[in-house]
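To keep things clear, I will list the structure first and then write my remarks on it.
The values are calculated or read from the model by the stated rules, or taken from the named source; none is laboratory data. Predicted model, so just to flag it, every value in this text is computed and none were measured. All Cβ positions, even for glycine, are placed from backbone atoms using ideal geometry, and neighbour counts span all protein chains on display. Each accessible area value is taken on the protein alone, full model and side chains, heavy atoms only, with ligands, DNA and RNA left out. Shrake-Rupley method; radii C 1.70, N 1.55, O 1.52, S 1.80 Å.
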Protein chains: 2
Amino acid sequence: MSTYRAPLRDMHFVLHELPGFASVRKLPGCEDLSADLVAPILDGAAKLCSETLRPLNRSGDEEGCALENGVVRTARGLADAFRVYADGGWASVSSPQEFGGQHLPHAIRALFEEMICSANLAFASYTMLIPGACAALHAYASEPVRQRYLPKLIAGRWSATMCLTEAQSGSDLGLVRSSASPVSDGSYRITGTKIFVSAGEHDFTENIVHLVLARLPGAPAGTKGISLFVVPKLLPDSVGRPATRNRLLCTALEEKMGQQAAATCSIDFDGATGWLVGEPHRGLHAMFAMMNTARLGAGMQGLGIAEAAYQDAVRYARERLQGRALSTNRRTGAPADPIIAHPDVRRMLLTMRAYVEGMRALGQGVAQEIDRHERHPDAEVRNEAGEFLALMTPVVKAMFSDLGSECANLGLQVFGGHGYIRANGMEQYVRDVRITQIYDGTNGIQALDLVRRKLDGGRLAQRFIAPTRGFLQVAASEPGMSEFVQPTAAALARLEQVTAWIAGADRADPEEAAAAATEYLRQFGLVAIAGMWTRMAAVALPLAEGPEASFYRAKLRTARFYLQHLLPQAEGLAQSILAGGRALREFDAAAF
Amino acid sequence: MSTYRAPLRDMHFVLHELPGFASVRKLPGCEDLSADLVAPILDGAAKLCSETLRPLNRSGDEEGCALENGVVRTARGLADAFRVYADGGWASVSSPQEFGGQHLPHAIRALFEEMICSANLAFASYTMLIPGACAALHAYASEPVRQRYLPKLIAGRWSATMCLTEAQSGSDLGLVRSSASPVSDGSYRITGTKIFVSAGEHDFTENIVHLVLARLPGAPAGTKGISLFVVPKLLPDSVGRPATRNRLLCTALEEKMGQQAAATCSIDFDGATGWLVGEPHRGLHAMFAMMNTARLGAGMQGLGIAEAAYQDAVRYARERLQGRALSTNRRTGAPADPIIAHPDVRRMLLTMRAYVEGMRALGQGVAQEIDRHERHPDAEVRNEAGEFLALMTPVVKAMFSDLGSECANLGLQVFGGHGYIRANGMEQYVRDVRITQIYDGTNGIQALDLVRRKLDGGRLAQRFIAPTRGFLQVAASEPGMSEFVQPTAAALARLEQVTAWIAGADRADPEEAAAAATEYLRQFGLVAIAGMWTRMAAVALPLAEGPEASFYRAKLRTARFYLQHLLPQAEGLAQSILAGGRALREFDAAAF
């Protein structure tokens, strides 16, 4: 039976032993967040995830959800679990206090999100969009809308969706056709059909708040003619209670590869009443407040599944007896050794571990920048943090979701044939996590975003490269650090070279840079994780002989494994990128 | 709606335009196989696969199979399709003529097998083990057993299984506990429970022939005490008609990630009657005649799914309109371009194409060596071919099945969110192909087999390296070939260097080589496919201005893409391998 234990020791490490969180604690409202105060929060989250959400993961996959006359029945136990989640205050962890939230830093929310995704990814599909919706409403909605919706969402009484995609409009939101016509009372009538709406209809909450992209009359074509509307399933009455059924209906649930317990809905808006959020025609701008949160969330989903798969794979590799160890660790008096003794199994486990802990540290670093971006008193620091976030959001989204799939598949492989059997849960990880590489912008779109919008001719890449180089220069003089610093510095220099090439290519011909985008994003991600491993090694090195020697030695050894065996992929990618895009471009579309 | 068209033009290319098949046609029994004679065979196979097998692929996935009282009901249409398959003579394509087969070369069977796997992988699970079972019985069974079973199997009246795995015995067959006790009439009573038996029970054929590993009384422990038995579901009467129910029963069907229409069975042998195949305690030796065929077959499965996913992805990329092309190919008067115009989509398609055509060419080369191994009059040539096969079998099995999964996932990614929806069939490819990386020996086991048994201190690697180097030396002087020869030669030299390191490491400490096995196998596979691309380029180059210019130019451009953008992975792998296994080995099992 697959179980989940939150990796609290490593979460403590990335939060309190890596240097970043110390400066978050100097931000307004974060001053009290000592390790002693944070620990019970994380313990509570761990308990919720292990005891309430995890036991519903397999049964939810088996049961799925059902649609009858527009009503979605979710799998047994999930609605009750959502109640536990909301009543425990978990829906409001990082939301503003003025609307009832706890306003904890994103640094802490990121750890909690990882746990939820590890425990039950389908459940997370009902919760993870809510903070982003709150952020979008908080930033762009009118005061009455904020007052009406935010307290309910933050209390977990209502839930939220993003209604973007239409049949003809997926990656290209400029093709959205849903329309909004103004009504004299200031509201709008929304008409159109949205698909792929996560948590679009369910029985968790008394109301569902849809954030819908649609066009106003006479709006310009393309992305500059799209507006954002808040469209509740039930229209609130004068005191804000959900009262009248709005003119919208869930007409279908998608049959998907995975996340069977997640209700992925088609929703018909048939003159539904909604209210404008933000300025007319600037809907994508407002939606992106939500989308960027969703993208980082998709990255956390990759990390969460990778951690869950790692835990199960380690447990299985310790228990499963097959074959004799080649030279060491051979058990006497037994016909076979645990497969964890075999180098190739250890390679798979250590690969997962190195990616998981690297992602966790990097994800933590990015979450801390959200806190700095939102709270720092100095506008210049906020701006720098914002630029770093802009740069890293596509990297985290695409790299973490790709690695989530890779780690889930490695975990399945450790189980061998038993990994292919549904009851063991490994194949569910593979199916569940696969969509994270696609939704909230496919990973190809993320790569284009990085290369074509976020690099800014290479300038913005320095928001990552410069501080990493600075750290490496200092760390290089520490005794014992050169084996970590040297490969990281070499890979960073190569990344800088490739970045300059990409920026030049993009100026000369955008197709040339676009052809290399996916490989560049992966190279960037590999080097970013290498930077975190070197930072972790620097913390662990002086402690490797102390009272927790086994923990810190494992850190150093995992760092070594990552830098020696996983980081070298980056060189192959660099060679491929620098070969240029000609081979890709000269291939006739008709010849495929 | 997903369809499949056999890639007959490319199959013609690898069979008749690449040089290898010309020498197969000089082998005994192959003299008549002109292109004109082969074409209708492949056309017939293509028709069977497109028209009979393919339409049952999605419905089989939806319907699965059901077990009631030991009887398996397969999905609608599959049993009839098997009848069409058998009646068309496809079960006996390469089987010996003395037992009713057509004895066509494996070079042709390989192309047919690819088509079946593309069209309906679950269906292939019922057919692909039959030729291997025939080979094992032909080579090791007594004459009465051969006479009784081979004609029925070759005619497709009976089917065959491999019963190896037990709950405690998967990768480690030395742990097999099933027992066989001799009976005075020369038969044996087989007792034990086998799991993961593909096509272990079904309604396709009037009888099922199980090849079962079990231990004789007093057998030595481990792999040297295992014998092979033929155990029919129905015991034949004196004239060979299936008559009496044997004491064996299908007790469970596995619920799996994919291949839902494939019956993966647990079978209880409860004193079932069987007959020894081959010598006592030498069962693994006999089984490996079947296993090596199965391993190459698993590779073909990866290729087949990669081709199918490629076809669907190309079709979708031509039809789906999203976003504007960056600079070229922009359609005027339309709001969006087909996504095939986008460089990142082309990257995915071209990656799939380069792997697919590279695998097809390499698989063809390996199949031709089976023919040489079986038919060549000169024992030394047969021996050399056998050594090449021994070397390449793990490479084809693991590399092709890995690439099958990669290509299926790329195809899904081209579809975006629509790839995650069951009805579009892309996610079925991902689920169906995933097991090919596991069964018939996990890909980790293949890598160990390559490194620890097949390299033979590096000597056997020369069976691949030496002829490839020879070809490159000749090709280097051809005008226009240097852009293909140069990167391939560099990668080959690097492979030779790493091979020497691996061989040395294995002598010094087997764990060191084992730690690098998976990466080495992939490096080997990448270089082997590069060798085939350079051979293909050499054929295509002089024809690139001729009447079929678009075909040959596409070959050259795909070769260029492979060598510039996919082969560079090999350098990252080499760096990782040469870093040594210390990081892997020093990590305590307890610290995971």
(message) Using a Cα-Cα cut-off of under 17 Å, which lysines could be cross-linked to B:Lys233, ignoring same-chain neighbours fewer than 8 residues away?
(response) B:Lys152, B:Lys194
(request) Rounded to whole Hz and in sequence order, give me ³J(HN,Hα) for the stretch B:286-291 from the Karplus expression 6.51 cos²θ - 1.76 cosθ + 1.60, θ = phi - 60°, writing x for Gly and Pro. (result) 5, 4, 6, 4, 7, 5
(request) Go through A:Glu143, B:Glu519, B:Glu114, B:Glu545 and list them by solvent-accessible area, largest first, probe radius 1.4 Å. (result) B:Glu545, A:Glu143, B:Glu519, B:Glu114
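First select every other residue whose beta carbon is under 11 angstrom from the beta carbon of A:Ala79; then total the charges, Lys and Arg +1, Asp and Glu -1.
Working: positive: A:Arg73, A:Arg76, A:Arg83; negative: A:Asp80, A:Asp203.
Counting the neighbours of A:Ala79, the net charge comes to +1.
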(message) For Cα pairs less than 8 Å apart in space and 6+ apart in sequence, what is the mean separation divided by the residue count of chain B, i.e. the relative contact order in percent?
(response) 13 percent
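For chain A, report the accessible area per residue in Å² (1.4 Å probe, heavy atoms, rounded to an integer). Mind dumping the intermediate values first?
On the way: 19920 Å² over 592 residues.
Per-residue accessible area for chain A comes out at 34 Å².
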(request) Report, by chain and number, residues whose modeled amide H sits under 5 Å from the one on B:Thr251, excluding near sequence neighbours (fewer than 5 apart, same chain). (result) B:Ser266, B:Ile267, B:Asp268
(request) Report, in degrees rounded to the nearest 10, the 0 to 90 angle that the Cα long axis of helix B:143-154 makes with the longest principal axis of chain B. (result) 50 degrees
(request) Find which of B:Pro55, B:Ala341, B:Thr127 sits farthest along the positive direction of the dipole of chain B, computed with +1 on the beta-carbon of Lys and Arg, -1 on that of Asp and Glu, about the Cα centre. (result) B:Ala341
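Please report, to one decimal in angstroms, the Kirkwood hydrodynamic radius of the stretch B:456-513 built from all distinct Cα-Cα pairs. Let's see the in-between values first.
On the way: mean 1/r = 0.0803 Å⁻¹.
Kirkwood hydrodynamic radius for the stretch B:456-513: 12.5 Å.
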(request) Please work out the C-alpha center-to-center distance from the stretch B:20-61 to the stretch A:63-110 and express it in whole Å. (result) 56 Å
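Only four residue types carry charge here, +1 at the Cβ of Lys and Arg and -1 at the Cβ of Asp and Glu. Report the dipole size of the protein assembly as shown about the Cα centre in Debye, rounded to the nearest 20.
Values: 120 positive and 124 negative charges, 10 e Å.
The dipole magnitude comes to about 60 debye.
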(request) Quick one: which residues, 5 or more positions from A:Glu586 or on another chain, have an amide H under 5 Å from its amide H? H modelled 1.01 Å from N in the peptide plane, none for Pro or chain starts. (result) none
(message) I need the phi-derived Karplus couplings for the stretch A:11-21: 6.51 cos²θ - 1.76 cosθ + 1.60, θ = phi - 60°, integer Hz, Gly and Pro marked x.
(response) 5, 4, 4, 5, 7, 9, 9, 5, x, x, 5
(request) With viscosity set to 1.567 mPa s and temperature to 4 °C, compute the Stokes-Einstein D of the stretch B:55-165, Rh being the Kirkwood radius across alpha carbon pairs; µm²/s, no decimals. (result) 87 µm²/s
(request) Using Cα positions and a limit of under 27 Å, work out the lysines in reach of B:Lys454, with same-chain residues fewer than 8 apart set aside. (result) B:Lys224, B:Lys397
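Could you work out the relative contact order of the stretch B:412-570? I mean the mean sequence separation of Cα pairs under 8 Å and 6+ apart, divided by the number of residues, in percent. Numbers along the way, then the final one.
On the way: 134 pairs, mean separation 36.2, N = 159.
About 23 percent, as a whole number.
If you take the square roots of the eigenvalues of the alpha-carbon gyration tensor of the stretch B:132-275 and sort them as a ≥ b ≥ c, do you get rounded (a/c under 1.5), prolate (a/b over b/c) or oblate? List each step's numbers first, then the result.
Numbers: a/c = 1.57, a/b = 1.04, b/c = 1.50.
It is oblate, given that a/c is not under 1.5 and a/b is not larger than b/c.
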(request) Please give the FRET efficiency for A:Leu578 paired with B:Arg459, using the beta carbon to beta carbon distance and R0 = 35 Å, rounded to the nearest 0.05. (result) 0.45
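For the pairing of chain A with chain B, what total accessible surface becomes buried, with a 1.4 angstrom probe, in square angstrom to the nearest 100? Don't skip to the end; give the middle numbers.
Details: alone 23840 and 23880 Å², together 39880 Å².
That pair of chains buries around 7800 Å² in total.
Would you compute, from DSSP H runs of 4+ residues alone, the mean residue ellipticity of chain B at 222 nm, taking -39500 (n - 2.57) per run and dividing by the full residue count, rounded to the nearest 500?
Values: 21 runs with 305 residues, N = 592.
The per-residue figure over chain B is -16500 deg cm²/dmol.
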(request) Pull up all non-local amide H partners of B:Gly271: gap of 5 or more, or a different chain, and H-to-H distance under 5 Å with H placed in the peptide plane. (result) B:Ile190, B:Thr191, B:Gly192
(message) Just to be sure I understand the model, the point goes 7 Å from the Cα along the line to the Cβ. What's the resulting A:Ala500 to A:Ala35 distance in nm?
(response) 4.3 nm
(request) Could you state the angle between the C-alpha long axis of helix B:379-415 and the longest principal axis of the C-alpha atoms of chain B, as a value from 0 to 90 degrees rounded to the nearest 10? (result) 70 degrees
(message) Quick check: pseudo-label points 7 Å beyond the Cα along Cα→Cβ at A:Leu8 and B:Ser59, how many nm apart are they?
(response) 5.5 nm
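Would you mind calculating the gained length between B:Glu483 and B:Arg73 on full extension (0.36 nm times residue separation, minus the Cα-Cα distance), in nm to one decimal? Kindly include the intermediate steps, with their values, before the conclusion.
Working: separation 410, 0.36 × 410 = 147.60 nm, distance 5.54 nm.
Gain on stretching B:Glu483 to B:Arg73: 142.1 nm.
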(message) How far apart, in nanometres, would the label points at B:Arg315 and A:Leu234 be if each is projected 7 angstrom from Cα along the Cα-to-Cβ direction?
(response) 4.6 nm
(message) Could you tell me which residue out of A:Thr293, A:Leu326, A:Gly365 lies farthest along the dipole of the stretch A:280-371 toward its positive end? Charges go on the beta carbon: Lys and Arg +1, Asp and Glu -1, centred on the Cα centre.
(response) A:Leu326
(request) Roll a 1.4 angstrom probe over the protein heavy atoms and tell me the percent of accessible area of the protein assembly as shown that is carbon or sulfur. (result) 53 percent
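Starting from the coordinates of the alpha-carbon atoms of the protein assembly as shown, obtain the Kirkwood hydrodynamic radius over all distinct pairs and give the value in Å to one decimal. Intermediate values should be presented prior to the final figure.
Working: mean 1/r = 0.0321 Å⁻¹.
Over the protein assembly as shown, the inverse of the mean reciprocal pair distance is 31.2 Å.
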(message) Give me the inter-chain shielding for B:421-428: mean count of other chain Cβ atoms within 10 Å, whole number please.
(response) 3
(message) What's the magnitude of the charge dipole for the stretch B:474-587 around its Cα centre, counting Lys and Arg as +1 and Asp and Glu as -1 at the beta-carbon? Answer in Debye, nearest 20.
(response) 300 debye
(request) Report the residues of the stretch B:171-203 in range of a label on A:Arg331: point 7 Å along Cα→C-beta, backbone N strictly under 15 Å from it. (result) B:172, B:175
(request) Using the Karplus curve 6.51 cos²θ - 1.76 cosθ + 1.60 with θ = phi - 60°, work out ³J(HN,Hα) for each residue of the stretch A:506-522 in order, rounded to whole Hz, and write x for Gly and Pro. (result) 5, 5, 6, 6, x, 5, 5, 5, 4, 5, 9, 4, 5, 5, 5, 4, 5
(request) Let me have the relative contact order for the stretch A:227-267, percent, based on Cα pairs under 8 Å that are six or more residues apart. (result) 29 percent
(message) If you fit an axis through the alpha-carbon atoms of helix B:462-475 and take the longest principal axis of the Cα set of chain B, what angle between them do you get, 0 to 90°, nearest 10?
(response) 30 degrees
